[in-house]
1. Does B:Ala98 fit the bill of being of a type in the set (A, V, I, L, M) and more than 10 Å from every other protein chain (Cβ to nearest Cβ)?
2. Go through (1) assigned to a loop (DSSP other than H, G, I, E, B); (2) modelled with pLDDT of 95 or more; (3) among the β-branched types (Val, Ile, Thr) and name the single condition B:Val84 misses.
3. Being within 20 Å of A:Tyr147 (Cβ to Cβ), touching an Asp or Glu at 6+ places or on another chain (Cβ under 7 Å) and part of a loop (DSSP other than H, G, I, E, B), is that true of even one residue in the range A:49-56?
4. Would you confirm, using the coordinates I've provided, whether A:Glu34 is of a type outside the set (S, T, N, Q) and farther than 30 Å from B:Arg177 by Cα?
5. Criterion first (at pLDDT below 95, within 24 Å of B:Gly126 (Cα to Cα) and not in a helix (DSSP H, G or I)) does B:Gly243 satisfy it?
6. Scan the range B:214-268 for residues that are among the β-branched types (Val, Ile, Thr) and within 14 Å of another protein chain (Cβ to nearest Cβ) and report the count.
7. Step by step: first the residues of the range B:119-178, then only those that are more than 25 Å from A:Ala85 (Cβ to Cβ) and not in a loop (DSSP other than H, G, I, E, B), then the one that is farthest from the other protein chains (Cβ to nearest Cβ). Which residue is that?
8. Between a residue in the range B:12-31 that is closer than 12 Å to B:Gly101 by Cα and any residue that is exposed (fewer than 14 other Cβ atoms within 10 Å of the Cβ) and among the small types (Gly, Ala, Ser), which pairs come within a Cβ distance under 9 Å, given they are 6 or more apart or on different chains?
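The values are calculated or read from the model by the stated rules, or taken from the named source; none is laboratory data. Computed from a predicted structure; not experimentally measured. Because the Cβ atoms are built from the backbone with ideal geometry, glycine has one as well, and the counts that use them run over all protein chains shown.
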Amino acid sequence: MSNAKNKLRIATTSLAGCFGCHMSFLDMDERLVELLEHVEFDRSPLTDIKHCNPCDIGLVEGGLCNADNVHVLREFRRNCKILIAVGACAINGGVPAMRNHFSLRSCLEESFLNGVGVENPQIPGDVELPLLLDKVRPIHEAVQIDYYLPGCPPSADEFLSVLGDLLAGREPALPKKLIHYD
Amino acid sequence: MNDMSKDANPVIPDTIYIDGHEIPFTQGQTIMDAAFAAGIYIPHLCHRPGLTPHGSCKLCTVDIHNRIAASSATDRRTHTKFAVDADSRSVSACTTPAAAGQQISSNTPELNEVRKTITQMLFIEGNHLCPSCEKSGDCTLQAVAYHLGMLDGHFPQFFPRREVDASHPTVMLDRDRCILCELCVRASREMDGKNVFAIAGRGTSAHLIVNSPSGTLADSGLETGDMAVHICPVGAILIKEHGYEVPIGRRTFDLHQVGEIGLEKVVLAKARHIDE
């Protein structure tokens, strides 16, 4: 850990996502060992650190579906020099945004009152539960985003390419061939 | 349709210049036709060789530079009291006839940036959620966005609520993905001889309608073999039960770039007469 000061500090989070982007990140397999020579993780599901410290890079998966998502996103923006929207959901709401077709009330009623196999039907209202947003939103509608990494999910190669560029002090860029939204 | 070539008078080949390349053309060809024949890709969504050009998507916007070829009697900017640069004008390549000596810019950073903005507006105006769309990988809107290096929608998402028509036994219509290119409207009218589709409403309320007594596809004369069913550049008109025969990752634009000439099939069908 002697060169810890020179390591880039990275925070990651999954908001209204499926953790698929995180799983894809881990698909870099043994290359993760090499990467860890150059980076260290701050707040992330990988470290279980609960709050973000000042970081170089924030990777945000998922869009905004509830008040907690907005809170976490703002914490990331405050603490990360570079914020990257990772994956389809962060960029345009993705599959969770398909609920935008329906009113929030009808979504809740379908899940908790009228759904198949529901017992003791009631819509959860505990104060500890974050309030749902009326619509699922992409993250660039709430905070400034520095870079976008599309894909559902982006491949491990794409993560490595972007981090490699940032480690080398280059502007992250992907060959057009690697850009995909699915 | 191709009366030109049968004409007794020989057609006079002539030349336009696209991004400095000499491009031959024959009288009657549009800038898009000439570019296509010469293997030069101009981004487009609402155009398909063989159908009447529509000029609505504006992705094929190019700049014509030299004044003589650029201005015409109908160029109303020359009549305004404001100073305008009438030396160059922006036109749709798919509707503008090629004229000898035109100096045309197409593949420039400025035009590609405008094209990207147009594409972003198409994305945010509808519900284009690629991971949940069975057209993903075969979608021209998506492929054009890749071509232009689009990474995000930039503008706030509309998330409009639009109707799905799943009434037809073999074809479905998901208006969420419709970009109002009118390819199906023209294919149905000009090739299928059926006139099944039309656009109704204005501005953000514009939407695809079905010409049938109930307004649904089930009631229309649409059949799986119709060109209108196959021509949709996005996932708005889909053939049921065939969506995943080619796996994601092996589809047209997974393996090719949209700019490769020859991907787009040229419509060969002869226009059918209404009582045929």
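1. Details: of a type in the set (A, V, I, L, M): yes; more than 10 Å from every other protein chain (Cβ to nearest Cβ): yes.
Yes; evaluated as a whole, the condition is true for this residue.
2. Checking B:Val84 against (1) assigned to a loop (DSSP other than H, G, I, E, B); (2) modelled with pLDDT of 95 or more; (3) among the β-branched types (Val, Ile, Thr), the one that fails is (2).
3. Residues of the range A:49-56 within 20 Å of A:Tyr147 (Cβ to Cβ): A:52, A:54-56.
Still in the running and touching an Asp or Glu at 6+ places or on another chain (Cβ under 7 Å): A:52, A:55.
In the following step, the residues that additionally are part of a loop (DSSP other than H, G, I, E, B) were identified as A:52.
Yes, that holds for at least one residue.
4. Values: of a type outside the set (S, T, N, Q): yes; farther than 30 Å from B:Arg177 by Cα: yes.
Spelling it out, A:Glu34 is indeed of a type outside the set (S, T, N, Q) and farther than 30 Å from B:Arg177 by Cα.
5. Working: at pLDDT below 95: yes; within 24 Å of B:Gly126 (Cα to Cα): yes; not in a helix (DSSP H, G or I): yes.
For B:Gly243, the condition - at pLDDT below 95, within 24 Å of B:Gly126 (Cα to Cα) and not in a helix (DSSP H, G or I) - is met.
6. Quick first cut of the range B:214-268, residues among the β-branched types (Val, Ile, Thr) only: B:216, B:224, B:229, B:231, B:234, B:237, B:239, B:246, B:248, B:252, B:258, B:261, B:266-267.
Next cut, within 14 Å of another protein chain (Cβ to nearest Cβ) only: B:234, B:246, B:248, B:252, B:258.
Adding up the residues that qualify gives 5.
7. Ranking the qualifying residues of the range B:119-178, first place goes to B:Val171.
8. The qualifying pairs are B:Asp14/B:Ala100; B:Asp14/B:Gly101; B:Thr15/B:Ala100; B:Thr15/B:Gly101; B:Ile16/B:Ala100; B:Ile16/B:Gly101; B:Tyr17/B:Gly101; B:Phe25/B:Ala100.
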